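Read-outs throughout are calculated quantities, based only on the coordinates presented, and are distinct from any laboratory measurement. What you see is a predicted model; the values in this text were computed from it and never measured. Here the Cβ positions follow ideal geometry from the backbone for every residue, glycine too, while neighbour counts run over all protein chains shown.
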Amino acid sequence: MAFAELDLNPLLVKAATAAGYLQPTAVQQQAIPAALSGRDLLVSSQTGSGKTAAFLLPCLHRLAEKPGIGKQTRVLVLTPTRELAQQILRSAETYGQFLPGLRSIILAGGAPFGPQLRQLERRVDLIVATPGRLLDHLQRGRVDLSGLQTLVLDEADRMLDMGFTDDLDAILAKAPDARQTLLFSATLEGVVGRLAMRVTRDPLRIEVEAAPGMEVRIEQSLLFADDRSHKAKLLDSVLRDVSLSQAVVFTATKRSADEISGELRQQGHAVEALHGDMNQRERNWTLQQLRTGRVRVLVATDVAARGLDVPGITHVINFDLPRKAEDYVHRIGRTGRAGREGVAISFAAHQEKRLVRDIERYTAQTIRVGTIVGLEPKARSSMPSRPRSSAPAPRRSSGNGGTRSGWRA
């Protein structure tokens with residue numbers, strides 16, 4: 001199937017083609033026609049499946065087919081983080097590049113109010129926002145949702161995890177009942193399912209698995225470490241691998257991100273930190289340095305686990321294991337983008353074996369345990385007996401070998 005067969009506005013098809021997208025992904029094939037028909041949607045789709053275009057293209061189609069009246073916003077996309085909001089806005093600008101007069105803006109925390117207020121003085125067709133900042137503008141009377149036609153909740157599970165439930169309820173109270181709602185989430189169960197029941201009307205449920213030809217190839221491995229000093233030595237060794245182009249190193253805390261980036265800088269690495277305590281200007285500058293290749297290593301908290309899309313990232317290193325198995329999927333999904341291969345290396349303390357097993361159960365993948373010559377752990381590090389992986393043997397003695405996973409991130 002080609003994009004031209006989805007009954008989208010020809011200008012959107014032209015933009016998709018110009019961006020190199022010739023065939024819709026599985027989630028796009030199912031979600032776009034349903035959204036164009038006006039149905040509310042509940043979509044379970046992972047990062048990397050093409051979900052952003054799955055909700056943006058029908059929204060832009062609706063904007064193109066019927067020009068807006070006055071200053072009322074007609075499309076609102078809510079998303080958990082500033083980085084993800086920025087990525088969605090860039091996609092909206094790409095897909096809508098040939099639509100005359102389209103105005104899209106971002107309202108996210110960490111940025112000054114002044115420029116956002118000036119943008120809101122004019123008509124805005126599409127707003128991409130984080131819940132907290134949008135609620136601030138709503139309470140100040142700067143945003144009018146009375147004419148809202150389509151509401152998109154992207155990564156709804158993550159927004160709930162981050163404690164945005166009350167903010168979402170307050171925002172929904174300002175939106176008209178007669179709207180279309182498109183909810184996208186990694187899972188549609190539990191609290192997300194209860195949210196879906198409140199915000200949608202007779203929704204169509206779409207659950208999409210990755211198509212074999214679109215699977216991300218990420219080579220996973222696990223290195224056991226005796227203590228933090230041992231981890232630091234392992235990290236320095238991994239970062240000196242000649243196959244490494246750019247890497248994201250994930251830490252558990254903001255303080256650790258700053259400390260590790262400082263240590264790596266002293267060792268001669270081109271490195272910057274990224275975490276929630278940085279203001280928007282600092283974060284934008286850091287991400288721009290990463291995209292242009294001036295930064296080789298980004299040390300970040302989970303603020304970078306979703307929405308960071310830099311094709312040059314060849315390696316993801318979990319200096320600290322995530323507490324939730326699903327966050328592991330999002331973290332390592334920062335590599336292996338756009339059909340490339342990627343490498344994911346996780347450091348684990350010996351007492352974290354249960355956490356490793358939780359990740360393996362969640363991903364249905366066995367992570368191969370490796371070592372780096374000269375930096376082997378002193379304590380016993382072997383995992384309990386378990387089924388052997390069918391993955392190929394490690395390619396390098398540095399421990400970078402492991403499972404070639406065939407699942408989405």
Inter-centroid distance (Cα atoms) of region 136-208 relative to region 218-251, Å:
38
Would you mind classifying region 272-316 by shape? Square roots of the alpha carbon gyration tensor eigenvalues, ordered a ≥ b ≥ c; an a/c under 1.5 is rounded, otherwise it is prolate if a/b is larger than b/c and oblate if not.
oblate
Gaussian network model of the chain, Cα springs within a sub-10 Å range: biggest mean-square fluctuation belongs to which of GLN119, GLN86, GLN28?
GLN119
Can you tell me which aspartates and glutamates have their Cα less than 15 Å from the Cα of LYS174? Leave out same-chain residues fewer than eight positions away.
ASP136, ASP144, ASP166
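Determine the percent antiparallel among the DSSP beta bridges restricted to the chain, to the nearest 5.
5
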Exposure proxy ranking, count of Cβ atoms within 10 Å, fewest first, for LYS231, LYS378, LYS353
LYS378, LYS353, LYS231
Using unit Cβ charges (K, R positive; D, E negative) and no other charged atoms, how large, in debye to the nearest 20, is the dipole of the chain about its Cα centre?
480
Nearest 10 degrees, 0 to 90: what angle lies between the long axis of helix 26-36 and the longest principal axis of the chain (Cα atoms)?
20
Is region 261-343 best put as rounded, prolate or oblate by its Cα gyration tensor, with a ≥ b ≥ c the root eigenvalues, rounded for a/c under 1.5, and otherwise prolate when a/b is larger than b/c, oblate when not?
rounded
What are the lysines whose alpha-carbon lies under 24 Å from the alpha-carbon of LYS378, with same-chain residues fewer than 8 places away excluded?
LYS231, LYS233, LYS353
Take ASP161, project a point 7 Å from its Cα along the Cβ direction, then tell me which residues of region 274-315 have their backbone nitrogen under 17 Å from it.
275-276, 300-309
Would you list, by chain and number, the aspartates and glutamates whose Cα falls below 17 Å from the Cα of LYS51, excluding same-chain residues fewer than 8 positions away?
ASP40, GLU83, GLU93, ASP154, GLU155, ASP157, GLU207, GLU209, GLU215, ASP309
Unit charges at the beta carbon, dipole of the chain: most positive-side option, GLN149, GLN288, TYR95
GLN288
Restricting to DSSP loop positions (anything but H, G, I, E, B) with no more than 13 other Cβ atoms inside 10 Å of their own Cβ, which trypsin sites (Lys or Arg not before Pro) remain in region 105-212?
ARG122, ARG140, ARG201
Let me have the 222 nm mean residue ellipticity of the chain computed from DSSP H runs of 4+ only, each contributing -39500 (n - 2.57), with the sum over all residues rounded to the nearest 500.
-11000 deg cm²/dmol
Please report, to two decimal places, log10 I(q)/I(0) for the chain at q = 0.06, 0.15 Å⁻¹ as given by the Debye formula with identical point scatterers on the Cα atoms and no solvent.
-0.25, -1.39
So what J values fall out for region 272-277 if you push phi through Karplus, 6.51 cos²θ - 1.76 cosθ + 1.60 with θ = phi - 60°, rounded to Hz, Gly and Pro as x?
9, 9, 9, 7, x, 7
How would HIS350, HIS315 line up from fewest to most surrounding beta-carbon atoms within 10 angstrom?
HIS350, HIS315
